[in-house]
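Values in this text are rule-based calculations from the coordinates and carry no lab data. Keep in mind it's a predicted model, so treat the numbers as computed, not measured. No Cβ is skipped: glycine too gets one built from the backbone with ideal geometry, and neighbour counts run over all protein chains shown.
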Amino acid sequence: MEISKVDMTKQRSDLNLPGLQVSFYGIPEHKEVVLREIFIKARHLVPHWIERLTVSELDNDVDGAVAQVTAHISYRFADIKIFPRMWSNTRTPEEMYWVLVHEILHIPIHQIVKPIQQLVDNYFDDGPAKDFIKETIMSASEATVCDLTRSLQEFEQSILEANHDK
Ligand SMILES: [Zn+2]
């Protein structure tokens, strides 16, 4: 689901990483500093077919979302929106990193989910069966992303502990 397009009139600032350009739109400098660090650290998780990531902030919070990604597979780019609650005083930079890792991991999963969604939209009549399949796909993809994020957290933790023991 796409909440809004990137507002190209907003001030743009680029972070050029190997094979990936991250463009921040209208993000205040003190927040961009934090985000740059996160994208540098998480670069290896962005699929290599993604050439460009756009990052911008939304004015209002929606549901429980902290951030949201839309992958544009054909155009080789993905758009990340950050909701105001991302900057809550109680959220540490470490937690922000994992929020964005979660969004990044949605990108490869989206390659699988999108064709299934298109299939269901085009070949199923509106009704409970269609709603059920769509709901099942969404919750399965969300659960997969959560599981992958959790595995990566445990993996990074084990590396930290191994280094600490040396
Ligand atoms: Zn998610």
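Side notes on the structure shown:
- Total charge dipole magnitude, region 16-138, about the Cα centre, Cβ charges on Lys, Arg, Asp, Glu only, Debye to nearest 20: 460
- Proximal charge balance of Arg36 [Cβ under 12 Å; K/R count +1, D/E count -1]: -1
- Restricting the calculation to Cα atoms, every distinct pair contributes to the Kirkwood radius of the chain, found to be 17.3 Å.
- 13 Å beta-carbon shell around Ser139, net charge (K/R +1, D/E -1): -3
- Residues with amide H under 5 Å from that of Ala67, placed H, sequence gap 5 or more: Phe83
- Estimated inter-spin distance, Glu135 and Thr90, nm [label 7 Å along Cα→Cβ]: 3.0
- Rounded Å value of the spacing that divides the Cα centres of region 11-53 and region 116-145: 31
- Axis of helix 29-42 versus longest Cα principal axis of the chain: the two differ by about 80°, to the nearest ten degrees.
- Cut-off under 5 Å, modelled amide H: who pairs with Val55 long-range: Ser23, Phe24, Tyr25, Ile80
- When the trypsin sites (Lys or Arg not before Pro) in region 25-108 are filtered for DSSP coil states and for at most 15 other beta-carbon atoms within 10 Å of their beta-carbon, the remaining sites are Arg76, Arg91.
- Helical contribution to [θ] at 222 nm, DSSP H n ≥ 4, -39,500 (n - 2.57), averaged over the chain, rounded to 500: -18000 deg cm²/dmol
- Summarising the amide proton neighbourhood of Leu17: residues at separation of 5 or more, or on other chains, whose placed amide H is nearer than 5 Å comprise Val22.
- Low-density loop cleavage sites - chymotrypsin sites (Phe, Trp or Tyr not before Pro) in region 73-166, where at most 16 other Cβ are within 10 Å (DSSP): Phe124
- Sequence-distant lysines (8 or more away, or on other chains) whose Cα lies within less than 21 Å of Lys81: Lys5, Lys10, Lys31, Lys41, Lys114
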